[in-house]
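Only the coordinates and a few stated rules stand behind these numbers; no lab work does. All figures in this text were calculated on a predicted structure; none of them were measured in a lab. We place every Cβ from the backbone using ideal geometry, glycine too, and count neighbours over all the protein chains shown.
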Amino acid sequence: MSNLYPLLERNQTFARTGAHRGLSPIPEHQVFVISCIDPRVDPAHILGVGPGDALVLRNAGGRVTDEVINEIAFIAAVTETMFGDDAPPFEVAVIHHTACGTGLLADDNFRHSFANRIDTDETQLAEAAVTDPTQSVRRDVDRLLASPLVPGRVRVSGHVYDVDTGLVETIVSAAAEASR
Ligand SMILES: [Zn+2]
């Protein structure tokens, strides 16, 4: 039996609620959340993100990679095509968290063997580690604000979620490149 089976049963319940009906592909809160794949930090739980509320992209650490920047550029292009100059204000919120599994990448033995496994550069892997989430989320916000692919009017914020307290602390308040 598939491990997904108990969750598919929950899907039946969800479909019966009708919460999926009439939703817009444009997120209700005009926010694009980037967070870690860790099951403890799902924005649906820690931020109460419901159906149609937000765009959510998750990867190991919630890091701003080239792929993430391309996704943001895609969404910016879609909204500009749909709304032109009237495109709604948009915020990208990066959330890193304490006790992140990517911290293992700071371990020399683990990083070395994993770099061999996926045939990649060890230095890049070291930079992907979230050992100090306050510091790494600042770096990722700066990277977004500096990217020519992220339109200047897109606001960017950075936050840290504490897995012990359950609280999200804002480290970098929302700012657009144009207002810096
Ligand atoms: Zn994590």
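Some observations on this one:
- Looking only at the stretch 80-97, and only at residues there that are surrounded by fewer than 18 Cβ atoms within 10 Å (Cβ to Cβ) and under 19 Å from the mean Cα position of the chain (by Cα), the one that is nearest to VAL49 (Cα to Cα): GLU91
- Top-ranked residue of the stretch 28-64 - restricted to ones that are near the ligand (Cβ under 9 Å from one of its atoms) and in a loop (DSSP other than H, G, I, E, B), ranked as surrounded by the most Cβ atoms within 10 Å (Cβ to Cβ): ASP38
- Test result for THR131, more than 26 Å from ILE26 (Cα to Cα), of a type in the set (Ser, Thr, Tyr) and either in contact with a Ser or Thr (Cβ under 6 Å, 6 or more places away or on another chain) or surrounded by fewer than 18 Cβ atoms within 10 Å (Cβ to Cβ) (or both): yes
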